[in-house]
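> Following this message is one structure expressed as structure tokens.
The values are calculated or read from the model by the stated rules, or taken from the named source; none is laboratory data. These numbers come from a predicted model, not from an experiment. Heads up, the Cβs are rebuilt from the backbone with ideal geometry, glycines too, and the neighbour counts pull from every protein chain shown.
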Amino acid sequence: MLNIRRASSADCKLLWEWANDPEVRSASFSSQYISWNEHVAWFTRKMSDPNCHLYLIMSENSEAIGQVRFELERPDLAVVSISMAKDKRSRGFGAQALEIALKQFNNLTDVRQVIAYVKPDNSRSIRTFEKAGFAKAVERSVKGQHALELVWKRE
């Protein structure tokens, strides 16, 4: 059974390591390496931003296995991103993590719709979002790159 907790300052280094994993970088719409100083500045901004909800996904033995981040665009709309630790990928944890994070996030906000942007060739991520209840919507350009928009709507 997976659990969730809000990220804390103690998670900064772990999230930096995960963010710079080559597979994570290639799936990102900004694929360049992230320096430590850039990450610390980003992390500090996100931790103090009331519109950012950053969660760590924890295994049943309290090991951090992934992160889910929601960015409020409006009171009723958020954009989500997820990444899993390298050794936890392709094991079904992503969809479970999204479902748990969505439940927690919905308890704290009035969001009616959550959007994910995924590169079209990232079939594993697309399947993860679909398993968590997201539906393909439209194609978009994100940072000059082709993207699929997947949408989750609160019932």
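> Could you grab me the full set of residues in segment 36-60 that are out of contact with any helix residue (DSSP H, G or I) (no Cβ under 9 Å at 6 or more places or on another chain) and of a type in the set (S, T, Y)?
The answer is S48, and nothing else.
> When the residues of segment 110-121 are filtered to those that are over 12 Å from the mean Cα position of the chain (by Cα) and crowded, with 17+ Cβ neighbours inside 10 Å, which remaining residue is nearest to P50 (Cα to Cα)?
Looking at residues that are over 12 Å from the mean Cα position of the chain (by Cα) and crowded, with 17+ Cβ neighbours inside 10 Å, I get V111.
> Out of (1) without any contact (Cβ under 8 Å) to a residue 40 or more places away in the chain; (2) outside any helix (DSSP H, G or I), the odd one out for F43 is which?
(2)
> Just to be sure I understand, how many residues within segment 1-30 are free of Cβ contacts under 8 Å to residues at least 24 places away in the same chain, surrounded by 14 or more Cβ atoms within 10 Å (Cβ to Cβ) and hydrophobic (A, V, I, L, M, F, W, C)?
Going through segment 1-30 one residue at a time, the tally reaches 0.
Listed here are the residues, each with its yes/no results for (1) in contact (Cβ under 8 Å) with a residue 12 or more places away in the chain; (2) crowded, with 17+ Cβ neighbours inside 10 Å; (3) farther than 24 Å from S125 by Cβ.
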residue: W36; (1), (2), (3): yes, no, yes
residue: N61; (1), (2), (3): no, no, yes
residue: A64; (1), (2), (3): yes, yes, no
residue: Q67; (1), (2), (3): yes, yes, no
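> On to the next question. For segment 1-33, enumerate the residues that are modelled with pLDDT under 95, over 17 Å from M84 (Cα atoms) and not polar (S, T, N, Q).
Y33
> State whether the residues of segment 78-86 include one that is β-branched (V, I, T), free of Cβ contacts under 8 Å to residues at least 24 places away in the same chain and surrounded by fewer than 17 Cβ atoms within 10 Å (Cβ to Cβ).
Restricting attention to segment 78-86, the residues satisfying the condition of being β-branched (V, I, T) are 79-80, 82.
Remaining after also requiring free of Cβ contacts under 8 Å to residues at least 24 places away in the same chain: none.
No, because not a single residue in segment 78-86 is β-branched (V, I, T), free of Cβ contacts under 8 Å to residues at least 24 places away in the same chain and surrounded by fewer than 17 Cβ atoms within 10 Å (Cβ to Cβ).
> Can you list residue pairs whose Cβ atoms sit under 8 Å apart, with the first residue in segment 94-119 being farther than 12 Å from F70 by Cα and the second being part of a helix (DSSP H, G or I) and of a type in the set (S, T, N, Q)? Count only pairs 6 or more apart in sequence or on different chains.
Close Cβ pairs satisfying both conditions: G94/S125; G94/T128; A95/T128; V118/S125; K119/S125.
Residue-wise test of (1) touching a Lys or Arg at 6+ places or on another chain (Cβ under 8 Å); (2) β-branched (V, I, T); (3) more than 25 Å from S31 (Cβ to Cβ).
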position: P75; (1), (2), (3): no, no, yes
position: V79; (1), (2), (3): no, yes, no
position: M84; (1), (2), (3): no, no, no
position: A97; (1), (2), (3): no, no, no
position: N107; (1), (2), (3): no, no, yes
position: V118; (1), (2), (3): no, yes, no
position: N122; (1), (2), (3): no, no, no
position: F129; (1), (2), (3): no, no, no
position: R140; (1), (2), (3): no, no, no
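> Before we move on, is E63 out of contact with any helix residue (DSSP H, G or I) (no Cβ under 8 Å at 6 or more places or on another chain) and either under 27 Å from H146 (Cβ atoms) or aromatic (F, W, Y) (or both)?
On the way: out of contact with any helix residue (DSSP H, G or I) (no Cβ under 8 Å at 6 or more places or on another chain): yes; either under 27 Å from H146 (Cβ atoms) or aromatic (F, W, Y) (or both): no.
So E63 does not fit the description; no.
> Could you check, for segment 123-141, whether at least one of its residues is in a strand (DSSP E or B) and either touching a residue at least 60 places away in the same chain (Cβ under 8 Å) or under 27 Å from S48 (Cβ atoms) (or both)? Lay out the reasoning, then the answer.
Of the residues in segment 123-141, the ones in a strand (DSSP E or B) are 135-141.
Applying the additional criterion that residues be either touching a residue at least 60 places away in the same chain (Cβ under 8 Å) or under 27 Å from S48 (Cβ atoms) (or both) yields none.
Checking segment 123-141: not a single residue is in a strand (DSSP E or B) and either touching a residue at least 60 places away in the same chain (Cβ under 8 Å) or under 27 Å from S48 (Cβ atoms) (or both).
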